[in-house]
Amino acid sequence: LSSSIRLAGWVILALTYIAILQTWSRAGIAAAVLGTAALFTLLGPTGRRLRVGGLTVLIGFVAAVALVLMSGAGVRSQVWAAALRLAATHPFGVGLGRSGTLIHESVGGSLEFQHAHNTWLNWLVEAGWLGLLAVLATTVLLGLRTWRSSRAGSRLAAASGAGLFAFGLM
């Protein structure tokens, strides 16, 4: 690649991380950091990089969970509990786009919810257990495909895999 294209890529990357920091989203920041660790791991998946990358991801994940448990998830914990109750009472789902209204009815209060504030829970509520399994299977198959392609040297697959990983964390 030419130096001007690389420079443009680095500038875009820097601006992206500045934008993520400006959101003050703890999950967004954690996903960006762990996605970057996943990218460096996938760019050259040697044994040492896999160990370091895996350890970084594990430490980051544990730190993120600890942060949520210590600071609390606020109203989201009520939303997630309501989503799990809905999934238990509607194992085949409530229909696409309907989770927010039903969660709002279950949680009550002045806040209105459009979704479950968790992609995986939202799929579970709206599409049911089979729908969630289908989404998980698709994600796992796509992850395996990007893993194989990145091991074969595809930088595009490494970037796609890191993005998929970060999105999955969000």
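The values are calculated or read from the model by the stated rules, or taken from the named source; none is laboratory data. All values reported here derive from a predicted model rather than from experimental measurement. Quick reminder, even Gly has a Cβ in these numbers, built from the backbone with ideal geometry, and neighbours come from all protein chains shown. The area values use the complete protein model at the heavy-atom level, side chains included, leaving out ligands, DNA and RNA. Shrake-Rupley method; radii C 1.70, N 1.55, O 1.52, S 1.80 Å.
Here are some notes:
- Criterion violated by A8 - all others in (1) surrounded by 12 or more Cβ atoms within 10 Å (Cβ to Cβ); (2) assigned to a loop (DSSP other than H, G, I, E, B); (3) at pLDDT 75 or above; (4) not acidic (D, E) satisfied: (2)
- Of all the residues in region 81-105, those that are among the hydroxyl-bearing types (S, T, Y) and either over 9 Å from V125 (Cα atoms) or touching a residue at least 60 places away in the same chain (Cβ under 8 Å) (or both) number 2.
- Residue within region 58-79 that is in a helix (DSSP H, G or I) and modelled with pLDDT of 80 or more present: yes
- Among the residues making up region 110-148, a single one is touching a Pro at 6+ places or on another chain (Cβ under 9 Å), at pLDDT 90 or above and either farther than 22 Å from R98 by Cβ or small (G, A, S) (or both): G128.
- Subset tally (residues that are β-branched (V, I, T) and within 12 Å of W80 (Cα to Cα)) for region 118-138: 2
- Of residues in region 112-134 being without any contact (Cβ under 8 Å) to a residue 24 or more places away in the chain and surrounded by fewer than 16 Cβ atoms within 10 Å (Cβ to Cβ), the one farthest from G60 (Cα to Cα): E112
- Given (1) hydrophobic (A, V, I, L, M, F, W, C); (2) closer than 20 Å to A81 by Cα; (3) open to solvent by 30 Å² or more (accessible area, probe 1.4 Å); (4) not in a loop (DSSP other than H, G, I, E, B), number of the condition L164 does not satisfy: (2)
- From A88, A82, residue being assigned to a helix (DSSP H, G or I), modelled with pLDDT of 70 or more and surrounded by 13 or more Cβ atoms within 10 Å (Cβ to Cβ): A82
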